[in-house]
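Down below is the structure, laid out as structure tokens.
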Amino acid sequence: MFAALANPHRFMGFSRWAAPLLGVVALLLIAPALWLGFAAPPDYQQGTTVRIMFIHVPAAQSAMFVYACLGGASFFSLVFRHALADAAARAAAPLGAAFTLLALVTGSLWGRPMWGAWWVWDARLTSVLVLFLLFLGYMALRSAIDDEARAARAAAILALVGLINLPIIYFSVDWWNSLHQGESIFRPGGPAIATVFLIPLGLMSLGYLAAFGSLWLARTRAEIWRRRAQVAAVQAAGR
Amino acid sequence: MSLHDKYAAFVWPAYGVTALVFAWMVIDTLLRAGRWRRQAERLEEDSRP
């Protein structure tokens, strides 16, 4: 599938219907997740702030997933010099920054009533802040270098180096003492969350991923058109 | 589940910020895609011999 889609022409044909389809799938997942989330009872300890979990956890999961996609696309761009992989990497970065910002802001709004603080320099929070800075750094680096090929190489190296932050984020709650709660979904012995919370959380997580898929395809298409416009402008100027 | 309890001041802004960021992602993506598509098609038309 990757080999087939590596052809920009085929990718444009595929993404033309896949992007809106994934958008519809995202709506079909997020709408019931919102409904079930608002209908869920208050948590016995956290009260109604548990509702923030339904948007905070999917944002954090998506932010890490987007960075993994950015890293994967950067690898293909750097090693195989594939233009489509570079376009995909460039398209993913703003979406990743947005999801990470959401994870930080909603986490802060959840932390204030539960921990008594908007922010603590805790390993989980700090490593997610580093993730946000990596996304911003990636975009800033691409904008700072005029030569697009050099900018792509430099940004790809930054993205690959930044991959080390993903296991740090994931295991931070195990490696260091943390205010942030530990893994409560994918853990031995099953999830530690009641089903009434787990279902909307699962639907919302899948909905966020479908939304990212839709937006990523659409932004990669936009990036391909931008490059085609650049080539056409150069050709027009040379005539 | 109450919509206006003592935590409402934290829950609603969290959902509000999420809605705003999603709206930005969708609108920016659609505007960007539309703009570059139109520009590419116009320039490709101009550059044809």
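Just a few scattered comments:
- A dipole drawn for chain A from +1 and -1 charges on Cβ atoms has a positive end, and of A:L27, A:A192, A:A91 the residue lying farthest that way is A:A91.
- R0 of 30 Å, Cβ-Cβ distance A:D43-A:I164: FRET efficiency to nearest 0.05: 0.30
- Tail beyond 21 Å, pair distance distribution of the stretch A:1-150 (Cα, percent): 57 percent
- Chain A: angle of helix A:123-144 to the longest principal axis, Cα-based, in degrees nearest 10: 20 degrees
- In Hz, Karplus ³J(HN,Hα) per residue of the stretch A:8-21 (6.51, -1.76, 1.60; θ = phi - 60°; x = Gly, Pro): x, 5, 5, 4, 5, x, 5, 6, 4, 9, 6, 4, x, 4
- Listed peptides A:106-115, A:15-24 by packing density, highest first (mean Cβ within 10 Å): A:106-115, A:15-24
- Summing +1 for each Lys or Arg and -1 for each Asp or Glu among the other residues whose beta-carbon sits under 13 angstrom from that of A:A156 gives +3.
- Per-residue shielding of A:102-110, expressed as the average number of other chain Cβ atoms within 10 Å of the residue Cβ, stands at 4.
- Nearest-ten-degree value, helix A:195-238 long axis tilted from longest Cα axis of chain A: 20 degrees
- The stretch B:25-49 and the stretch A:102-160: distance between their alpha carbon centers, rounded to Å: 30 Å
- Count Lys and Arg as plus one, Asp and Glu as minus one, and take only other residues whose Cβ is under 12 Å from that of A:D174; the net charge is then +1.
The numbers here are math on the coordinates, done by the rules we state, and not lab data. Given the structure is predicted, the values throughout are model-derived calculations rather than measurements. So basically every Cβ, Gly included, is an ideal-geometry build from the backbone, and we count neighbours across all protein chains shown.
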